[in-house]
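The values are calculated or read from the model by the stated rules, or taken from the named source; none is laboratory data. Quick caveat: nothing in here was measured; it's all calculated off a predicted structure. Don't worry about glycine lacking a Cβ; one is built from the backbone with ideal geometry, like all the others, and counts go over all protein chains shown.
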Amino acid sequence: GYHKVVTENRKLYNMVQDLKGNIRVYCRIRPAFNAETKNVIDYIGDDGSLVILDPSKPRKEGRKVFQFNRMFGPIATQDEVFKDTQPLIRSVMDGYNVCIFAYGQTGSGKTHTMSGPSEGSIKDVGINYLALEDLFEISSRRKDIINYDIHVQMVEIYNEQIRSCASENGLSLPDATMHSVKSTADVLHLMKLGGVNRVVSSTAINNRSSRSHSVVTVHIHGKDISGNILRSCLHLVDLAGSERVDKSEVTGDRLKEAQYINKSLSCLGDVITALAQKNSHIPYRNSKLTHLLQDSLGGHAKTLMFAHVSPEGDSFGETVGTLKFAQRVSTVELGAARANKESNEVLQLKQQIDSLKKALANKE
Ligand code: ADP
Ligand code: MG
C-alpha cells in the first residue's frame with residue numbers, strides 16, 4: 001500500500017518534470033557591495049521574472065525583462081536556494097543523471113552558490129555539501145531496500161586540459177581520482193583538499209580558479225534487495241568566469257585562456273540550446289567540458305543552470321550578457337504567463353498527484 005502510493009507519486013512527479021522539459025534555469029543576484037554605484041535591479045518576481053534597468057539610460061528606455069524558472073534575490077539564503085534544487089538532486093538516487101552549472105562573470109557568486117564562502121568550512125555551505133549531506137541521508141533511510149555506494153571525483157578543466165584537484169599530488173589522471181565517501185566529514189576533507197590545490201594553482205597562475213571550470217562528480221552505485229543495479233551521477237560545475245576579455249588589452253597566456261573559456265562556454269550554450277530545441281545533432285564533442293558531461297546532458301538527464309549576476313551598475317554589460325546567455329538556454333518563454341500555459345496533460349497529472357497525496361495522508 002504505502003510503497004505503491006509513494007512510487008506512483010514519484011513516477012507522476014517525474015512525468016510532470018519531464019513534460020516541463022529537463023532544462024531549468026535559475027537566476028541568482030548577489031548582494032551589492034559597492035554602495036557608490038547604481039543598483040540595476042528593478043523588479044524580481046515570484047514567478048521567475050526579472051526587470052533590470054540600464055544605468056546609462058532614462059528609466060523608460062533602459063528596461064530589460066527576463067524570465068527564468070526561478071529568481072533568487074540578494075537576500076536569498078543558501079538553504080532557500082538548496083530547497084529548490086533538492087528534488088532534482090534527489091532524483092540522482094532514483095537513477096537519473098543530473099548536471100548543475102554555475103554560470104556568470106567572476107565575482108558574481110558562482111563559488112558562493114556551489115561551495116559557500118570558504119571551501120572545507122561548514123559555515124554557509126553551498127549546494128555541493130548540502131547535496132552530499134542529503135544523498136547520505138537518503139542512502140541511510142533506504143538502507144534496508146537499497147545499498148548505495150557514493151564516490152566523489154574533483155577535476156578542473158583549464159585551457160582544454162583536464163586535471164585532478166583532490167588528489168594528493170594534483171597530477172593523477174581523472175580515472176584514479178575516485179574517492180569513496182561515507183560521511184559529510186569525508187566530503188569536507190575532500191573539499192578542503194580540492195580548495196588547497198586550487199589556491200596553489202591560483203598563486204602560480206594569475207587567479208586561475210576563475211579561469212578554469214571546476215567539476216565535482218558524485219557517482220552513485222546502488223544495488224537493491226533483488227540484485228537490481230542502479231548507476232547514476234551528479235555533476236556540480238563551477239564554470240570559469242564568463243566575462244569578455246578585451247582583446248586589445250590582453251596578450252599571450254591571458255589571451256589564450258580567454259579564448260579557451262569563450263570557446264568552451266559557447267560550446268556549452270550550443271549543446272544546451274540544441275537539447276532545448278530537441279535537435280537531432282548535439283555538438284558534445286566541440287569542447288572538453290561538454291564531452292566530459294555528455295552522459296549527463298540530454299537524454300533522460302536533468303540539467304539546471306544558475307545564472308549569476310551582480311546588481312551593480314558597473315557590471316551592467318556583463319549582467320546583460322549573462323542573462324541573455326541564460327535566456328537562450330532556457331525553455332521558458334519570455335514574458336509568458338506560465339501558470340496558465342500548462343497543458344491539459346500536466347494539469348491532469350497534477351490532479352492525480354493531489355489525489356494520491358490525499359490517499360497517502362489518509363493512510364498515515
Ligand atoms: P565567483 O565564484 O562567481 O567569482 P564568488 O562566489 O567568489 O564569485 O563571490 C564573490 C564575493 O561575493 C565573495 O566574497 C562571496 O563570498 C560574495 N558573495 C557572492 N554571493 C553572495 C551571496 N549570495 N551572499 C553573500 N555573499 C556573497
Ligand atoms: Mg569562483
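Those residues that are surrounded by 14 or more Cβ atoms within 10 Å (Cβ to Cβ) and either modelled with pLDDT of 95 or more or among the hydrophobic types (A, V, I, L, M, F, W, C) (or both), I need them from region 204-215; list them, please. Of everything in region 204-215, those that are surrounded by 14 or more Cβ atoms within 10 Å (Cβ to Cβ) and either modelled with pLDDT of 95 or more or among the hydrophobic types (A, V, I, L, M, F, W, C) (or both) turn out to be I205, V215.
Would it be correct to say that S140 is more than 16 Å from ligand 1 (Cβ to nearest atom), of a type in the set (S, T, Y) and surrounded by fewer than 24 Cβ atoms within 10 Å (Cβ to Cβ)?
Details: more than 16 Å from ligand 1 (Cβ to nearest atom): yes; of a type in the set (S, T, Y): yes; surrounded by fewer than 24 Cβ atoms within 10 Å (Cβ to Cβ): yes.
So S140 fits the description; yes.
When the residues of region 231-253 are filtered to those that are of a type in the set (D, E, K, R) and part of a strand (DSSP E or B), which remaining residue is farthest from ligand 2 (Cβ to nearest atom)? So the residue we want is R231. For region 26-60, filtered to residues that are among the hydrophobic types (A, V, I, L, M, F, W, C) and without any contact (Cβ under 8 Å) to a residue 24 or more places away in the chain, the residue that is nearest to ligand 2 (Cβ to nearest atom) is A35.
Select from region 208-230 the residues that are within 16 Å of ligand 2 (Cβ to nearest atom) and among the aliphatic types (A, V, I, L, M) and list them in ascending order.
Matches in region 208-230: V215, V216.
Identify the residue in region 96-135 that is part of a strand (DSSP E or B) and among the hydrophobic types (A, V, I, L, M, F, W, C) and, among all such residues, is nearest to ligand 2 (Cβ to nearest atom). My answer is A102.
Look at E257 and say whether it is at pLDDT below 90, more than 14 Å from ligand 2 (Cβ to nearest atom), buried (at least 18 other Cβ atoms within 10 Å of the Cβ) and acidic (D, E). Answer is yes for this residue. For V218, the conditions (1) part of a strand (DSSP E or B); (2) among the hydrophobic types (A, V, I, L, M, F, W, C); (3) modelled with pLDDT under 70 are fulfilled apart from (3).
On inspection, T85 does not qualify as free of Cβ contacts under 8 Å to residues at least 24 places away in the same chain and either away from ligand 2 (no atom under 16 Å from the Cβ) or buried (at least 18 other Cβ atoms within 10 Å of the Cβ) (or both). Which of the residues spanning region 50-79 are under 19 Å from S108 (Cα atoms) and either among the small types (G, A, S) or loosely packed, with under 12 Cβ neighbours inside 10 Å (or both)? Once the filter is applied, which keeps residues that are under 19 Å from S108 (Cα atoms) and either among the small types (G, A, S) or loosely packed, with under 12 Cβ neighbours inside 10 Å (or both), region 50-79 yields G73, I75, A76, T77, D79.
Criterion first (within 16 Å of ligand 1 (Cβ to nearest atom) and modelled with pLDDT of 85 or more) does S201 satisfy it? So that I can check it myself, show each step before the final result.
Working: within 16 Å of ligand 1 (Cβ to nearest atom): yes; modelled with pLDDT of 85 or more: no.
Here the answer is no, as S201 does not meet what is asked.
Is it true that Y96 is modelled with pLDDT under 95, closer than 23 Å to R28 by Cα and more than 14 Å from ligand 1 (Cβ to nearest atom)? Criteria not met by Y96.
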